[in-house]
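Reading through the structure tokens given below for one structure.
No value in this document is a laboratory result; all are computed from the given coordinates. The shown structure was predicted, so the numbers you read here are calculated from the model rather than taken from an experiment. Cβ sites come from the backbone with ideal geometry, for glycine too, and all protein chains shown count toward neighbours.
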Amino acid sequence: MLTPLTLFSTWWIGGVLARTLANIPVVCTVDETAQFTPPPGQSCTAYAGAFAESAGGYFLDPTSTTLCQYCPYSSGNDYLSTLNISPDDAWRDLGIFVVYVVTNYLLVYFFIYTVRIKGWSFGFGALFGALGKLAEVVLKPFKKLGGKKEEEVK
């Protein structure tokens with residue numbers, strides 16, 4: 001389920017990541033690679049070169065015949081695609097984020113002005129009046145207890 005917080009963070013993070021990771025080259029260490037052994041007599045490129053080209057990664061040593069070390073990302077764009085973020089949408093995402101924030105601030109100030117200053121109830125006056133009376137009934141025994149304690153102290 002998408003909540004306002006989820007949408008808020010999605011647009012903000014998408015915009016920030018798209019602006020910071022786009023077209024940045026990725027250099028993997030040996031520990032960050034997928035490692036496998038090619039069939040005898042074949043190099044990494046001969047065995048899995050087509051896969052590496054279509055998937056977007058690269059081999060640390062493409063001519064190795066003993067151990068292939070495959071890095072799944074060659075640029076930040078490859079990583080962004082796994083998150084369904086496009087660098088072309090960076091300004092759109094940041095714009096949606098700004099509209100979301102400004103709209104929320106405007107709504108807060110609108111409701112503060114209309115309810116606190118103008119006294120509008122938006123049709124909830126009867127409901128809140130009934131809830132107030134119910135709260136008085138529920139709290140009445142506690143008020144009596146509090147009053148007796150104050151008299152006992154004097």
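Ellipticity at 222 nm from helices only: DSSP H runs of n ≥ 4 in the chain, each -39500 (n - 2.57), divided by the residue count, give -19500 deg cm²/dmol. Ranking 47, 103, 85 by Cα position along the charge dipole of segment 1-131, where only Lys, Arg, Asp and Glu carry charges on their C-beta atoms, puts 103 farthest toward the positive end. Taken about its Cα centre, the chain carries a charge dipole of roughly 1640 debye when the Cβ of each Lys and Arg holds +1 and the Cβ of each Asp and Glu holds -1.
Separation of segment 101-138 from segment 38-79 is 62 Å, based on Cα centroids. The convex hull built on the alpha-carbon positions of the chain has an orientation-averaged projected area of 19.5 nm².
Each of 34, 3, 65 was scored by the projection of its Cα onto the charge dipole of the chain, and the greatest displacement toward the positive side belongs to 3; charges sit on the C-beta of Lys, Arg, Asp and Glu. The GNM of the chain, with springs linking C-alpha atoms under 10 angstrom apart, assigns the highest mean-square fluctuation among 137, 99, 115 to 137. Give the relative contact order (percent, whole number) for segment 1-97; include only Cα pairs under 8 Å separated by 6+ residues. Across segment 1-97, relative contact order equals 39 percent.
The GNM of the chain, with springs linking C-alpha atoms under 10 angstrom apart, assigns the highest mean-square fluctuation among 97, 122, 110 to 122.
Using r as the Cβ-Cβ distance of residue 98 and residue 136, and R0 as 41 Å, what FRET efficiency do you calculate, to the nearest 0.05? For residue 98 and residue 136, the calculated efficiency is 0.35. Computed on segment 38-154, with alpha-carbon pairs under 8 angstrom and 6+ residues apart, the relative contact order is 13 percent. Between residue 64 and residue 109, full extension at 0.36 nm per residue minus the direct alpha carbon distance yields a gain of 9.7 nm.
Remark: the residue 16-residue 29 segment gains 2.2 nm on full extension, using 0.36 nm per residue and subtracting the alpha carbon distance.
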